[in-house]
Amino acid sequence: SRLVEADVMVDGKEDEARPLLSVDGILDESEEEFQIKVEGLESGEHSLTIRAKDEAGNIGSDSLRFTLP
């Protein structure tokens, strides 16, 4: 199913989740490419979580952890 929604959260802050647009500007495929710019983070460990919803209503997410010096 094609994607209809996607958002990104930093450090699990769901109230600060930002909607994502695909690189081509349209969510119209089952796989999309995104560019994410994260600024203003302090040194230390952080997480980035991306959630996506397809037209069938399925929701998936994945997270990664990274450390800033």
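The values are calculated or read from the model by the stated rules, or taken from the named source; none is laboratory data. This one's a predicted model, so the numbers in the text were calculated from it and none came from an experiment. Positions of Cβ are generated from backbone atoms using ideal geometry, with glycine treated the same way; all protein chains shown enter the neighbour counts.
Selection within the stretch 1-31: residues that are farther than 18 Å from L64 by Cα and of a type in the set (D, E). The member of this set that is nearest to the chain's Cα centre (by Cα) is E5. The combined condition, being in a strand (DSSP E or B), surrounded by fewer than 10 Cβ atoms within 10 Å (Cβ to Cβ), free of Cβ contacts under 8 Å to residues at least 60 places away in the same chain and not acidic (D, E), is not fulfilled by L48. The condition (being surrounded by 12 or more Cβ atoms within 10 Å (Cβ to Cβ), at pLDDT below 95 and of a type in the set (D, E)) is satisfied by just one residue among E16, E32, E5: E32.
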